[in-house]
Amino acid sequence: MNAEVRSIRTAAETALSEIFASAFAGLPGDSAVAERRRTAFDAFKAAGLPSRRVEDWKYTDLRALMRDAKPIAGAPDGVMIAAARGALAPYAAIDATRVTFVNGRFVEELSDLATAEGVSVTLLKDALVNGAGVEALSDGVSPAGNVAVALNAAFVADGVVVSVAPGVTASRPIHVANVQAGSEHAAYGRVVARVGEGGNVLLIESHIGDAGAHQTNSVIMLDVADGARAELVKIQDESLDTLHLATLAVRLGAKAELKTFALAAGARAARQQIYVSFTGDGSTAEIRGAGFAGASRHLDTTLVVDHDAVGCSSREHFKTALDGEARSVFQGKIVVKPGAQKTDGKMMAQALLLSEGAEADAKPELEIFADDVVCGHGATVGALDDELLFYLKSRGIPQKEAEALMVQAFVGEVIETIEHEGLREVVTDRALAWLTART
Amino acid sequence: MLSIKNLHASIEDKPILRGLDLEVKPGEVHAIMGPNGSGKSTLSYVLAGKDDYEVTEGSATLDGQDLFALAADERAAAGLFLAFQYPLEIPGVATMTFLKAAVNAQRRARGEGDLPTPQFMKLVREKADGLGISTDMLKRGLNVGFSGGEKKRNEILQMALLEPKLCVLDETDSGLDIDALKVVSEGVNALRAQNRAFVVITHYQRLLDHITPDVVHVMAKGRIVRTGGPELAHELEARGYADYVGEAAA
């Protein structure tokens, strides 16, 4: 209990309570779901928005970053839908089962729900009323009481439920596109995906916004059964005034394979939480990401990889390029539970500072309770090498272009691990656009 | 073409060049020889525009254009090329990407448009074949995993593509075996032209067996202390630099 902290409510906390009270009756779900929402919101109310005094939020003071609570978005109008269609253009060449949400609302005309046999893609709002809702709102992997996750469970009205049957390889990727259009609102989304034994799927989640001071909150729950494989590529390209909170919670069975990449290209402040739990023996996870930020933007990656099985390996690699007064935070922890022998974990966080005012905070941690493991972590923060820049300039390449080439090379190492060529191009083009805008 | 007058330059307040004069005319090849620490490499970096060096006095012009008024990339676009003694490795920047960025940056600086990719590829293939540079090398990160000889050949390839007016070769022979030296020298000789000049910096005479200079200078303690014809190189090879180290110090 912390009576002192709870005695004063911030404007954002008060507004969230009011919004919840008025929205509650209209949120989809049966009585069990309603109860789940209420419990989640009560958990949030008890804790409040975390300030830097809460260890997990020490470098990302959500109380300071979230001064107010935006109203829940209404249904998008024709103009917004047209804008969203334009915003999705970079993805047009990617053949995918596509589920598009504009301001958190499903938009059928921008979606293509066709799937091959053995793959099912349905809307979360239907699951919330047919008895599967409580399960869809409880990931069981992210830390109890996490504010971003609790708020999502309380408010989320729609999302996507993906199911890949055992032994089935989804022939097309499944793309969940979230577009924000309008001036300012809050939007919540959730993807609940299960890949059955021996199944295989590529999930794409994108967040796009070109203007507006929004607050977005997304949760992806991914359950990868024994012998199954899932690749997840997330592209966060929110408007530069948006506060973006996102959580990826993955449970891996035995001999399962996870490969994930997260691009953080937008948002005023973004926190990407990734929680991966190894629950079966002999599984692997590759968890990577890249980020770009200028001005006074803030990018947080918070990662916990929990090895609770024998012989699993995990690779974590995050790269961030920072300009202006931007700040990046990397909190990564590899936990090796008692008995999780033969664990092989390697984590690396690298930040490139392109200006005097940029700052990178890295907090890598290992928590090991088994004795036969190989684990390591590293973190680097540095500027571009002047010698290399001179070599490029001596060939006639101007300073900014030389810097751009080197930043591309820096992030290229992780971007190149994206297997889907079209998707890799979308990410590469976004990186180039950021670099071009700097010059 | 290149005119250096009374050049003084220092690094971290330590004077390295102390009143250097050099005149190079179009079509000429000048060799600059000298003992270690005489300032040969500093001269090449000062001309190319490396930030670490401060020019405290004197001037350098390329076809009348004040080099010191230009940034490093502008000097390159004005026609200056430095072949590095130790070409740098840049992982993640493919050699081909780098070559294209350099060629197009210089074209843009001259007000020309980018070279269309097919034309650029054809040009690179032509020049690379003559230097024994494989397609595989062009795809690799710049100089990454290249042998010493491959790195130097890659420098000559850049020179051939960028078609500079003035080429400064900084100890291009260092680290090369005799076969690599031949390939590199042939590459340089192929670029000799009426309207192009070379400044070849070297510690040893052997490079000058392959690239015949018109003028040989001896550099010591930051200045040119003697100038002669190709025979001077042979004299230095036979007698060493001991005389000059003493002379300049006096």
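The values are calculated or read from the model by the stated rules, or taken from the named source; none is laboratory data. What you are looking at is a predicted structure, and each value in this text was computed from that prediction instead of being measured. For neighbour counting, all protein chains shown are included, and Cβ atoms are generated from backbone atoms with ideal geometry for every residue, glycine included. Each accessible area value is taken on the protein alone, full model and side chains, heavy atoms only, with ligands, DNA and RNA left out. Shrake-Rupley method; radii C 1.70, N 1.55, O 1.52, S 1.80 Å.
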**Asked** How large is the accessible surface per residue of the protein assembly as shown, computed with a 1.4 Å probe and reported in Å² as a whole number?
**Response** 39
**Asked** Of all accessible surface on the protein assembly as shown at a 1.4 Å probe, what whole percent is carbon and sulfur?
**Response** 51
**Request:** Go ahead and set up a Gaussian network model of chain A, Cα springs under 10 Å, then flag whichever of A:130, A:178, A:200 fluctuates most.
**Result:** A:130
**Prompt:** Taking every DSSP beta bridge that has both residues in region B:94-237, what percent is antiparallel when rounded to the nearest 5?
**Reply:** 60
**Prompt:** Along region A:344-356, what does the Karplus equation 6.51 cos²θ - 1.76 cosθ + 1.60 (θ = phi - 60°) give for ³J(HN,Hα), rounded to whole Hz, x for Gly and Pro?
**Reply:** 10, x, 9, 10, 9, 10, 10, 10, 10, 9, 9, 8, 5
**Prompt:** Separation of region A:175-252 and region A:86-133 by C-alpha centroid, Å?
**Reply:** 12
**Request:** Quick one: which residues, 5+ away or cross-chain, put their amide H under 5 Å from the amide H of residue A:262? H built at 1.01 Å from N.
**Result:** A:234, A:288, A:289, A:290
**Fill in**
In region A:389-412, accessible area falls by at least 20 Å² from chain alone to full assembly (1.4 Å probe) for A:390, A:391, A:392, A:393, A:394, A:395, A:396, A:397, A:398, A:401, A:405, A:409
**Heavy-atom SASA rank of A:226, A:344, B:129 (probe 1.4 Å, accessible area, largest first)** = B:129, A:226, A:344
**Cut-off under 5 Å, modelled amide H: who pairs with residue B:19 long-range** = B:7, B:8, B:9
**Message:** Given bins 5 angstrom wide, list per bin the percent of all Cα-Cα distances in region A:238-371, short to long.
**Reply:** 3, 11, 21, 20, 16, 11, 8, 6, 3, 0
**Request:** Apply 1/(1 + (r/R0)^6) to the Cβ-Cβ distance of residue A:337 and residue A:144, taking R0 = 22 Å, and write down the FRET efficiency to the nearest 0.05.
**Result:** 0.85
**Complete:** Dividing the alpha-carbon radius of gyration of chain A by 2.2 N^0.38 Å, where N counts its residues, gives 0.95
**Asked** Roughly what % of DSSP beta bridges within chain B run antiparallel, to the nearest 5?
**Response** 60
**Message:** Counting protein heavy atoms only and a 1.4 angstrom probe, how many square angstrom of accessible surface do chains B and A bury in total, to the nearest 100?
**Reply:** 1900
**Request:** Would you calculate the separation in nanometres between label points at residue A:363 and residue B:11, each defined as 7 Å from the Cα along the Cα-to-beta-carbon direction?
**Result:** 4.2
**Prompt:** For chain A, modelled as a GNM with alpha-carbon contacts under 10 angstrom, which of A:19, A:220, A:274 fluctuates the most?
**Reply:** A:19
**Prompt:** With r defined as the distance between the Cβ atoms of residue B:190 and residue A:114 and R0 fixed at 41 Å, what FRET efficiency is calculated, to the nearest 0.05?
**Reply:** 0.10
**Asked** For region B:94-215, what class follows from the C-alpha gyration tensor (a ≥ b ≥ c being the square roots of its eigenvalues): rounded when a/c is under 1.5, otherwise prolate if a/b is larger than b/c, else oblate?
**Response** oblate
**Message:** What does the net charge come to around residue A:194 if you take all other residues with beta carbon closer than 11 Å to its beta carbon, with K and R at +1 and D and E at -1?
**Reply:** -2
**Fill in**
Under Stokes-Einstein, region A:280-439 at 37 °C and 0.692 mPa s, with its Kirkwood radius over C-alpha pairs, diffuses with a coefficient in µm²/s of 193
**Message:** Which of the three applies to chain B, rounded, prolate or oblate, going by the alpha-carbon gyration tensor with a ≥ b ≥ c and a/c under 1.5 meaning rounded?
**Reply:** prolate
**Request:** Take the alpha carbon atoms of region A:375-439, find their center, do the same for region B:132-146, and report the distance between the two centers in whole angstrom.
**Result:** 19
**Prompt:** Around residue A:273, which amide H atoms from residues at least 5 apart in sequence, or from another chain, sit under 5 Å from its own amide H, with H modelled in the peptide plane?
**Reply:** A:246, A:247, A:248, A:302
**Item:** In region B:100-172, trypsin sites (Lys or Arg not before Pro) in a DSSP loop with at most 13 other beta-carbon atoms within 10 Å
**Value:** B:110
**Request:** Please build a GNM for chain A, connecting alpha carbons under 10 Å apart, and tell me which residue among A:257, A:359, A:416 fluctuates the most.
**Result:** A:416
**Asked** Mind listing the phi-derived Karplus ³J(HN,Hα) values for region B:116-132, rounded to whole Hz, using 6.51, -1.76 and 1.60 with θ = phi - 60°, and x for any glycine or proline?
**Response** x, 3, x, 5, 4, 4, 5, 4, 4, 4, 4, 5, 5, 4, x, 9, x
**Asked** Name the residues of region B:69-86 whose accessible area, probed at 1.4 Å, falls by at least 10 Å² once all protein chains are in place instead of their chain on its own?
**Response** B:72, B:73, B:76, B:81, B:82, B:84
**Complete:** Here the FRET efficiency for residue A:417 versus residue A:371, based on Cβ atoms and R0 = 35 Å and rounded to 0.05, is 0.65
**Item:** Cα centroid of region A:289-342 to Cα centroid of region B:88-123, whole Å
**Value:** 36
**Fill in**
For chain B, the longest principal axis of the Cα atoms and the Cα long axis of helix B:95-109 enclose an angle in degrees, to the nearest 10, of 80
**Message:** Name the residue from A:147, A:130, A:48 whose Cα lies farthest towards the positive end of the charge dipole of region A:44-171, charges +1 on Cβ of Lys and Arg and -1 on Cβ of Asp and Glu.
**Reply:** A:48
**Message:** With Kirkwood's inverse mean 1/r over C-alpha pairs for Rh, give me the Rg to Rh ratio of region A:288-364, two decimals please.
**Reply:** 1.12
**Item:** Antiparallel DSSP beta bridges within the protein assembly as shown, percent to nearest 5
**Value:** 20
